[in-house]
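The structure appears right after this line, and notes come after that.
The values are calculated or read from the model by the stated rules, or taken from the named source; none is laboratory data. Keep in mind that what you see is a predicted model, and the values were worked out from it rather than measured. So basically every Cβ, Gly included, is an ideal-geometry build from the backbone, and we count neighbours across all protein chains shown. These accessible areas exclude ligands, DNA and RNA; they are computed on the full protein's heavy atoms, side chains included. Shrake-Rupley method; radii C 1.70, N 1.55, O 1.52, S 1.80 Å.
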Amino acid sequence: MKIAVVAPARSIRPESATRGAAFAALSFPGADLVFDPQCFADAGHFAGPDALRAETFLRYANDPAYDAIWFARGGYGSNRILAEVMPKLNDAARAKTYLGFSDMGFLLGALYARRIGRPCHGPMSTEATARNQGAPAWRALAWLTAKDRRALEPALDGRPAAAFNLAILTAMLGTPWVPDLTDHVLLLEEVGESYYRLDRMMFQIANASQLRGLAGIRMGSVTDVPEGDGPDAFGETIDQIMTRWCGEMRVPYLGRARIGHDADNHVVPFGIA
């Protein structure tokens, strides 16, 4: 299986690619992992200029020799190439699996909205580290290479689902890139945000006309909360925030999910797994 690794947002270090390739070679010898040099490009915040990032994504997405695209890293930037890449995707792009999360939610959501390929929220190529013992990368490659259901978020129950970083989804609202999530279970996660910001983003989710008809909501991990801006300062826990806003939406709050910016990040295919 041939898997392209590209970076539509921020760049990665060469040692991250070396580590990821070594992990894949040892654990999944049938996976041919190809890191494009664009992954290491540098243009301020981005892994190369918008034009380079768009061209690289299109080159691999439209190449029938590749079975999947595994995104290298999040950060910020994939939204800036949507208008360029989406109209140019061909039949080969429609046959691929796309895996990533965080900022990659822009691309995953846009792909799902247009029914292009099989977008999946899940670990990225830089997540084969000693600290997490390679567990997230194992889940990513297990799903990409064999659709191993052990990689999936355990609460998926046969209903269609979609997963997003909360800040990314709220940034997409009001744009043409938001998919129709009617009858879907929506899974959310967040990193680096104060609880009052989480509450404010959930206000936007709860009142967004584009998100009417959800079957339920789950909340994944909320990590790296700024010091002093957690539940004690805000006065509510994550579950209390979610329960209150889901109540206003008249959408069931289904509890926690094993996704997010941590080692417990599991795979959530968009649609029915």
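Here the chain has an Rg and Dmax of 17.8, 53 Å, counting Cα atoms alone.
For a quick check: with amide H placed at 1.01 Å from N, whose amide H comes under 5 Å from Phe35's, ignoring anything fewer than 5 positions away on the same chain? Excluding prolines and chain starts, which carry no amide H, the hits are Val5. How far is helix 238-249 tilted, in degrees, relative to the longest principal axis of the Cα atoms in the chain, given as a value from 0 to 90 rounded to the nearest 10? That helix lies at roughly 80 degrees to the long axis. Couplings 3J(HN,Hα) of region 65-76, computed from phi: 6, 9, 8, 8, 10, 10, 6, 7, 6, x, x, 7 Hz, in residue order, whole Hz [Karplus 6.51 cos²θ - 1.76 cosθ + 1.60, θ = phi - 60°; x for Gly and Pro]. If you line up the long axis of helix 195-207 against the longest principal axis of the chain, both from Cα atoms, how many degrees apart are they, to the nearest 10? Its long axis makes an angle of about 90 degrees. The distance separating the Cα centre of region 48-117 from that of region 134-156 comes to 20 Å. What is region 74-191 by shape, rounded, prolate or oblate, if you read a ≥ b ≥ c off the alpha carbon gyration tensor as root eigenvalues and call it rounded for a/c under 1.5, prolate for a/b larger than b/c, and oblate otherwise? It comes out rounded by the Cα gyration axes. Couplings 3J(HN,Hα) for region 112-117, derived from phi with the Karplus relation 6.51 cos²θ - 1.76 cosθ + 1.60 (θ = phi - 60°), are 5, 4, 9, 6, 9, x Hz, where x marks Gly and Pro. For Leu187, the residues 5 or more places off, or on other chains, whose built amide H falls under 5 Å of its own are Ala162, Ala163, Phe164, Arg218.
Surface listing: Asp50, Asp36, Asp183 arranged by accessible area from highest to lowest gives Asp183, Asp50, Asp36, probe 1.4 Å. In this simple spin-label approximation, Gln240 and Arg59 carry label points 7 Å from Cα along the Cα→Cβ vector, and these lie 5.3 nm apart.
In terms of the Cα gyration tensor, with a ≥ b ≥ c the square roots of its eigenvalues, is region 1-81 rounded because a/c is under 1.5, prolate because a/b exceeds b/c, or oblate? Could the numbers behind the result be given before it?
Details: a/c = 2.57, a/b = 1.41, b/c = 1.82.
It is oblate, given that a/c is not under 1.5 and a/b is not larger than b/c.
3J(HN,Hα) along region 24-34: 4, 5, 6, 9, 9, x, x, 9, 9, 8, 10 Hz, from the Karplus curve 6.51 cos²θ - 1.76 cosθ + 1.60 with θ = phi - 60°, whole Hz, x for Gly and Pro. Determine the dipole magnitude for the chain: charges of +1 sit on the beta-carbon of Lys and Arg, -1 on that of Asp and Glu, nothing else is charged, the reference point is the Cα centre, and the result goes in debye to the nearest 20. About 760 debye. In this structure the amide hydrogen of Arg118, modeled in the peptide plane, comes within under 5 Å of the amide hydrogens of Lys96, Thr97, Tyr98, none closer than 5 places in sequence on its chain. The modelled label-to-label distance between Ala92 and Thr223, using points 7 Å beyond Cα along the C-beta direction, is 3.4 nm.
Please compute, over every Cα-Cα pair in region 112-175, the percentage with a separation greater than 15 angstrom. Provide the component values of the computation, followed by the final result.
Details: 1282 of 2016 pairs.
Of the Cα pairs, 64 percent sit more than 15 Å apart.
Over all projection directions, the Cα-based convex hull of region 122-273 averages an area of 9.1 nm².
Here the spin labels are modelled as points 7 Å beyond Cα on the Cα-Cβ line, and at Glu84 and Ala135 they lie 3.8 nm apart.
Taken over the C-alpha atoms, region 1-145 has Rg and Dmax values of 13.7, 40 angstrom.
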